[in-house]
Structure formats: structure tokens, C-alpha cells
1. Mind checking which lysines have their Cα closer than 18 Å to the Cα of residue 251? Skip sequence neighbours fewer than 8 apart in that chain.
2. Put one equal scatterer on each alpha carbon of the chain, apply the Debye formula with no solvent term, and list log10 I(q)/I(0) at q = 0.15 1/Å to two decimals.
3. How about the stretch 142-214: which trypsin sites (Lys or Arg not before Pro) there are in a DSSP loop, with at most 11 other Cβ atoms within 10 Å of their Cβ?
4. Which net charge results when you count Lys and Arg as +1 and Asp and Glu as -1 among the other residues whose beta-carbon is under 9 Å from that of residue 28?
5. Between the stretch 163-205 and the stretch 82-115, how many Å separate their Cα centres?
6. Calculate, in whole percent, how much of the Cα-Cα pair population of the stretch 8-91 lies beyond 22 Å.
7. Give me the number: length gained by fully extending residue 128 to residue 33, i.e. 0.36 nm times residue separation minus the C-alpha to C-alpha distance, one decimal in nm.
8. Where the only charges are on Cβ atoms (+1 Lys, Arg; -1 Asp, Glu), what is the dipole of the chain about its Cα centre, to the nearest 20 debye?
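A short reminder: the numbers here are calculations on the coordinates, not readings from a lab. Treat the numbers as computed from the prediction; the structure is a model and nothing was measured. As a convention, Cβ positions derive from the backbone with ideal geometry for all residues, glycine included, and neighbour counts pool all protein chains shown.
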Amino acid sequence: MPPAAPANPALPPGTSLPGHIAIIMDGNGRWAQQRGLPRLEGHRRGVETVRTIVDATRELGIRVVTLYAFSVENWKRPQDEVGGLMNLLDFFLKRETDDLIKNKVRLLTIGHTEDLPEVVRKRLASTIKATETFSDYTLVLALNYGARTEIVDAARAYAAAVAAGKEKLNDSSWATFSRYLYTAGLPDPDLIIRTSGETRVSNFLLLQGAYAEYYFAPVLWPDFSRADLVTAITEYSKRERRYGQTGEQVKPVSASAS
Ligand code: IPE
Ligand code: IPE
Ligand code: MG
């Protein structure tokens, strides 16, 4: 028998936890605009929510959390905002690295981080190195990430591997191809949350989310709380994931036997 899961007082008894939660952190700009503040103030507050949600997910026993922090499309924003976001990323890494290590958080990134400012790249590289042996909890930051770019990159890498004789075209399968995605080695997200009330995916984990449950929270990211996270997980836990089968096929044996 596997060891009993640690008690999660914040969750109703019997809640099934998603192994991997991915979050589209949206609504910082509107949060600031509603208060007559500059958009960057919303991003600043959003960083505090990142801290809250990383702590909360870790304490609940979630194993992997992916945060969509900057998309390939976000470079199109005004230069000031892009610069401010890069400064905030630097600030976050500088402030949090010691605690990430203390809390045994493994940090990973997905996306074209080579295009980020050098100071951010250096911080990322050193924090990733300092946390690489941790395995209980993984925080994945999607930075300069776009799912379509990822798919093109994977197709190119796969084709190169075929040309080099490392892969056989006739053996192509999802299991082999998915090893060329940025997320190789990570489980697919079980639950994808988007805040701010928008109900779109915005080029995030299009393939990995093929069987994810989506949860759209009406609150803006700076206001997203532990209680909102618990609501999302509770809702997830009520869903029946069928993977193409019938409801009867996926019902737990104990339920159908009674
Ligand atoms: C999400 O908040 C943060 C990033 C995309 C970096 P937004 O900045 O998109 O906030 P809204 O959608 O304009 O309110
Ligand atoms: C998605 O939010 C990207 C991130 C959260 C980093 P956006 O605010 O950029 O998405 P759109 O433009 O509303 O689709
Ligand atoms: Mg937005």
C-alpha cells in the first residue's frame, strides 16, 4: 500500500489532487487600471500572488506547477512594459532563490530563454543548477513561451534526429515525438487554470493540455488567493476524466460494485 497522503485541511475529504497544475496568470493590467495605477503595479502585485500560489500548491502536495509568465507574443507590448516585466523577473529570482532552495523547489523553464536579458538568463541558470536535485516539487516558468513555436522546434529536432539515424520515421509515435517538446520528462498538466475571466488558451501547452481539465477563474491574477486555488482543485476533483471512454468504463470499481 502506498503511504497515506498528508492531510490537506484546506481541501474537502476525498479530493483528488491534480499532479500538475498549469496557470495562465492573466489580469494584472486590468487590476492596475481599475485602481488608476500603472500596469506595472499590477505585475508587481502579480509577483506576490506567484509566491502565495507556489507556497499553497507545495503545501497541498501538488508535484508540478507551470506558470505562464511571458509569451512569445508579449514582446509586442510597449517597450516600457516589457522592460518592467524583465526587471520584475530579475527581482523575483533574486528575492526567491534562497527560499526555493530552502523549500526544495526544483526550478525549470520552458521557452526561448536565450532571448531574455543576460542578467535574467544568469539568474535562471544558477537557480536551475542549485535546485536540480530536488524532486518533490517542480516549478516550471514558461518564459518567452509559445506552443506553436514549441511544436515547430520539436518537429525540427525530431527531423534532425531522423536524419542522423537516432530515430526511425516508421516508429513515430506520440511517445517518441513528445520527447522533443520543451516539457520532455514532465507529466502533462491535469488542470489548467486561467484567471481574469478570459476563456482562451493564448498559445499555452496546446499539445500537453490535450486531456487537461480547464478552469476559468473570474478573478484577476493579483487577487487570486489560496481559497480560489482550493475552489479550482475542488471543481477539478468533481470532474470525470474519460479519455474517450464511457462514464461506466472509468467509474472506480468500488462505486460500480455497490
Ligand atoms: C498577465 O496580465 C501578465 C502577462 C501577460 C505578462 P496582463 O498584463 O495580460 O493583464 P491584462 O490581461 O492586460 O489585464
Ligand atoms: C497570456 O496572457 C500570456 C501570459 C499570461 C503570460 P495574455 O494577456 O498575453 O493573452 P491574450 O493576449 O489576452 O490572449
Ligand atoms: Mg492579459
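1. Those lysines meeting the cut-off are 238.
2. Scattering profile of the chain, log10 relative to I(0): -1.20.
3. Details: sites: 148, 156, 166, 168, 179, 194, 200; in loops: 166, 168, 200.
Those that pass, being in a loop and sparsely packed, are 166, 168, 200.
4. On the way: positive: 30, 39, 44, 45; negative: 26, 41.
Every neighbour counted, the sum reads +2.
5. 22 Å
6. On the way: 1282 of 3486 pairs.
The answer is 37 percent, as a whole percent.
7. 30.8 nm
8. Roughly 80 debye for the chain.
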